[in-house]
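> One structure follows; several queries about it will come next.
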Amino acid sequence: MSLSSADIAHLEAVLAQGKKPKVVFTDAAGQVAGRAGKVVALDPAGVDDFVHVAFGSDELSFSAAELRLPAPGEGARRAPRQRASEPSEPVAPSGPGLLPEEPAPKPKPAVSERKPVTAPEVSQPAVAAEAAAAPKKKVARPRAAAAKHPELSITLTYEDGEWSVAATRGARTVVKGAKVAHSNALAMCQAAGSDEVAEVVDEVVEKIRSEAAEEASRLRRQLEEAEARLAELK
């Protein structure tokens with residue numbers, strides 16, 4: 001059989017994939033009949049010897065009548081015998097006009113890696129939850145001594161030029177901010193019989209006198225100015 005139009009279309013498709021399809025020489029090819037070669041190119045139609053075939057160290061052009069596609073299994077090399085212990089490698093079947101593809105690489109044996117066994121990690125929230133779930137021990141606190149209040153407390157205060165007195169009985173306020181005259185306040189301070197209190201009171205009294213003298217001087221000037229205006233009006 002020679003190459004048909006369908007075989008030629010098949011060769012063109014294989015060449016378009018970048019492969020070199022295999023062909024066998026017919027009796028019309030003469031001395032190379034029965035040998036196999038690889039198609040490297042196809043010339044445009046209209047030329048008798050339009051199939052370029054490479055065989056051995058030669059590359060020649062042939063016609064469709066001088067070539068045919070190899071039969072299934074034709075030209076396949078016999079695989080060497082393998083030992084019984086070695087697994088046989090699968091051989092990819094060769095299609096019509098295609099060279100057998102390279103055998104697939106042997107799969108590497110899987111190596112099992114032993115990972116160190118580590119203790120399970122415990123997250124901080126879990127530890128906090130366990131600590132919260134644990135019963136809390138009550139810490140005995142010493143009792144604070146009860147605050148003691150005097151039965152009666154009288155306080156004399158001087159503020160903004162005025163004296164006031166406050167009195168408390170225990171924790172209850174009896175008198176709050178009652179005004180006291182200067183003479184009565186001074187008498188109360190003198191009755192205390194304390195030199196420290198007398199010294200502080202003297203400073204306060206001196207301040208009061210100074211402020212009173214300034215006020216009196218200011219009033220005298222105003223009075224003199226008013227009398228002078230009256231004299232002018234007579």
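> So, in nm, how far is label Glu211 from label Ala231 when the simple model puts each one 7 Å beyond its Cα toward the Cβ?
With each label placed 7 Å out from Cα toward Cβ, I get 3.4 nm.
> Which residues does the label zone of Glu159 cover in the range 190-210, counting backbone N under 19 Å from a point 7 Å along Cα→Cβ?
What the label zone holds, given the 19 Å backbone N cut-off, is 201, 204-205, 208.
> Follow-up question, since we're still on this one. For Glu151 and Val175, FRET efficiency with R0 = 25 Å and r from the beta-carbon atoms, rounded to 0.05?
Efficiency computed from Cβ-Cβ geometry: 0.95.
Computed from the coordinates by the stated procedures, all read-outs in this text should not be read as laboratory data. Here the structure is a predicted model, which is why all the values come from computation and not from measurement. Note that each Cβ is placed from the backbone with ideal geometry, even for glycine, and that neighbours are counted across all protein chains shown.
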